[in-house]
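Take a look at the structure below.
We did not get these values from a lab; they are worked out from the coordinates using the rules stated. Since this is a predicted model, take the numbers as computed values, not measurements. Counting neighbours? That spans all protein chains shown, and the Cβs are built from the backbone with ideal geometry, glycine included.
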């Protein structure tokens, strides 16, 4: 049975895949970055479909907004031009395609095997899901969460040190 | 009728609401440009638009026709995709951001109860921020795609500015979120209802039950960051004429330029609405609920305004004005009288009346600032954003959460 949700899912999934393919095929860095934004926004739509409204909004704010704006900003600042095509390396043709197919097959097999025992998404309202998320984050996963923020702090310090070294 | 509404209402009502909202907002945008030119002209002791129609009231229409009829040349060497996509993206995102704003309390028409706004999402604030986050691309792409140094510099400046001020914008709201405990703009407004009228709003913070705390720091931070986010004076560096011609839209003409223009004014309306909702109680009346006489304020404003327009119109210099202005005045007076006499309509109009009155005041403040303040220098802008606004908004978050924690004990 084809429901409206399923149609929206396939549209968003197709957009995400198209964006990902276009990301590789585009010859201009800005166009590639724009394709990546399309992937991010379609993924946000998919999260929304699963009832994870908070994650969807954060996906757009952080990945679609902040991260990709920085990408585009840097590309614009460097004024990077169209990339030049070289002759395709033989390694890519002979080893790349089979390896890519193998990787896709492994991922598909893993998904097919595990899809039977995936937990169903929570059926209740999204605000409670935001609340549940924060409760989990600050109780059960508080140490990984704090460790991650520490990791980000280290990365920021590293960036400052690298930027300062030139002076 | 009501049976059809009950059955297909979920489909018909949003379409009707979208159509009305787009019409109202686009008209509002047009007359906002008129108001802006008039107010700034009067600040500078000039008349402003005065030729097209009485008091220049048909100027927006003339501008619109001009935009449509202008030639739309495309400069050579542009990146076509980015060049065409950018204005559409800007306008689309600006209009979309209005979809989650509640303009008033729930209304019931023909037995069908619906929210006063297009979508009642329970993460509406996050949705708004998500749309704002994407808004940078319109300007950045326009600047980059135009194949013009000035455009590129304007686009770069604007991206940098928006990234910097988005942080302060988001953080200044956290205090309100801590008090409300909810992302829904509707619930944020409902939390500000109290017995004392405007004292219960987040800017004062005497919320019913005592859960609030004054958000005046957050309010000031939000307003400054919002001006920077909408690229308005004194933060309009992306389009600083003396340095960058017209910034990111230098190479745009005709309708594509108009789209940036409408997008800018629409996001001004969206930001003013958000400001009203977060800090000034949204659609709530500033008077205590027991003062029922204040419900006649719309009539008290509309009737004298209408009468004044009639008398001004009779003495107007052109024949056209002598016909149109008294007509407009008569409609306003009649509307005021209708509201006075028909109390169900008067009650229904209270929420939207206060909402639009507050938004109008904020928009007037925007224009007033443009007529008053000089432009920032670029390094001043960055220093102000990162070294002052961001720390202050973080301090507000810490202070508010400390007060809330202390109250809970």
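Please work out whether the range B:1-94 counts as rounded, prolate or oblate from its C-alpha gyration tensor, where a ≥ b ≥ c are the square roots of the eigenvalues and a/c under 1.5 means rounded, while otherwise a/b larger than b/c means prolate and anything else oblate? Could you put the intermediate results ahead of the total?
Working: a/c = 2.82, a/b = 1.30, b/c = 2.17.
Oblate, because a/c is 1.5 or more while a/b does not exceed b/c.
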field: GNM result for chain B, Cα springs below 10 Å: residue of B:390, B:177, B:69 fluctuating most strongly
entry: B:69
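For the pair residue A:90 and residue B:408, what calculated FRET efficiency results from E = 1/(1 + (r/R0)^6), where r is the Cβ-Cβ distance and R0 = 60 Å, to the nearest 0.05? Please list the in-between numbers first.
Numbers: r = 68 Å, r/R0 = 1.13.
Using R0 = 60 Å, I get an efficiency of 0.35.
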- request: Name the most mobile residue of B:162, B:268, B:382, meaning the one with the largest mean-square fluctuation, in a Gaussian network model of chain B with Cα contacts below 10 Å.
  value: B:382
message: Which of B:21, B:61 has the fewest other C-beta atoms within 10 Å, and how do the rest follow up to the most?
response: B:61, B:21
- request: Rounded to the nearest 0.05, what FRET efficiency do residue A:9 and residue B:291 give with R0 = 51 Å and r taken as the Cβ-Cβ distance? Could you check?
  value: 0.45
query: So, in nm, how far is label residue B:398 from label residue A:49 when the simple model puts each one 7 Å beyond its Cα toward the Cβ?
result: 4.4 nm
- request: Take the alpha carbon atoms of the range B:256-316, find their center, do the same for the range B:124-146, and report the distance between the two centers in whole angstrom.
  value: 28 Å
message: Run the simple label-point estimate for residue B:369 and residue A:101 please: 7 Å along Cα→C-beta, distance reported in nm.
response: 6.1 nm
task: Provide the gained length on full extension for the span residue B:22 to residue B:112, in nm with one decimal, where the gain is 0.36 nm per separating residue minus the Cα-Cα distance.
output: 30.2 nm
FRET efficiency, 1/(1 + (r/R0)^6) with R0 56 Å, evaluated for residue B:196 and residue A:74 via beta carbons: 0.65
Choice from B:301, B:203, B:101 with maximal GNM fluctuation in chain B (Cα, 10 Å cutoff): B:301
field: Gyration tensor (alpha-carbon) shape descriptor, the range A:1-83, a/c threshold 1.5
entry: oblate
task: With a cut-off of 19 Å, note down the residues of the range B:24-56 whose backbone N falls inside the zone around a label point 7 Å from the Cα of residue B:323 toward its beta carbon.
output: B:51-56
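As an exercise, find the ratio Rg/Rh for the range B:121-251 from alpha-carbon atoms, using the Kirkwood inverse-distance average for Rh. Before the final figure, lay out each step's value.
Details: Rg = 18.2 Å, Rh = 16.2 Å.
Result for the range B:121-251 is an Rg/Rh of 1.12.
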query: If one computes the Cα centroid of the range A:35-64 and of the range B:76-114, what distance in Å separates the two points?
result: 18 Å
task: Only residues of the range A:20-54 count here: report those whose backbone N is under 19 Å from the spot 7 Å along Cα→Cβ of residue A:132, or say none.
output: A:46-54
- request: Order by neighbour count: A:156, B:300, fewest other Cβ atoms within 10 Å first, most last.
  value: A:156, B:300
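By the gyration tensor of its Cα atoms, with a ≥ b ≥ c the square roots of the eigenvalues, what is the shape of chain A: rounded for a/c under 1.5, prolate for a/b over b/c, or oblate? Please list the in-between numbers first.
Numbers: a/c = 1.73, a/b = 1.15, b/c = 1.51.
In terms of gyration-tensor shape, oblate.
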task: Give me the distance in nm between label points sitting 7 Å out from Cα along the Cα-to-Cβ direction at residue B:149 and residue A:18, one decimal.
output: 3.9 nm
